[in-house]
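Working notes, beginning with the structure itself.
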Amino acid sequence: MRCASLTLVLVAMAGLVGCAASAAGGSEPARYGSRNVISQAEIRDLELDGCKSVYDAVVRVRSHWLRPRGMSITVENPIQVFVSGSHAGELGELESMRLDGVSMIRFISPSDATNRWGTGYSSGVIEVIHGPSPIGGGRRSPHLGGKAQPPINVPLPRS
């Protein structure tokens, strides 16, 4: 009886140690939420840690987005990049995109990308969403070297 209790305690401790080890080696998606989204809070933390480009952020916390799935990622079948809903090119575009001014980065699966934009996205899509910078106002555009743009002013409808 005592041996069974000791075994049970050891198994429980081993399970806790295993959970702690797996959490330490890649818990970022669990810490922040979705495996398919890098949130604004996470982007802010990455910026504070010295991360500069969108590509560096993806490699650091969601490198599984870059792994082949289904059909392998090849020259003929690269991951596509969209910026705020518009096609921007292939994976290499992320290296020149500054992280500041980005409000969210998300991975869109091949099937969801095909449903949304049609064929040609069999490796998936990484979409970069720009919004208000968590530090300072205005918008920042990767196509203008990250230079601030004035906020968008939309007139309110008159009643």
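Evaluating 6.51 cos²θ - 1.76 cosθ + 1.60 at θ = phi - 60° for every residue in the range 110-126, the Karplus couplings come out as x, 5, 5, 5, 5, 5, 7, 10, x, 6, x, 10, 6, 9, x, 9, 9 Hz, glycine and proline recorded as x. Summing Lys and Arg as +1 and Asp and Glu as -1 over all other residues whose Cβ lies under 14 Å from the Cβ of Glu90 gives a net charge of -4.
Under 5 Å between amide hydrogens, built in the peptide plane, is the criterion, and for Phe82 it picks out Ala88, Ile126, Glu127, Val128 among residues at least 5 positions away or on other chains. Between Met97 and Val54, Tyr55, the built amide H atoms are under 5 Å apart, and every one of these is 5 or more places off in sequence or on another chain. Extension gain, Ser111 to Asn36, is 25.6 nm, computed as 0.36 nm per intervening residue step minus the present C-alpha separation.
The numbers here are math on the coordinates, done by the rules we state, and not lab data. Small disclaimer: the values here were computed from a predicted structure and weren't measured. Backbone-built Cβ (ideal geometry, glycine too); neighbour counts: all protein chains shown.
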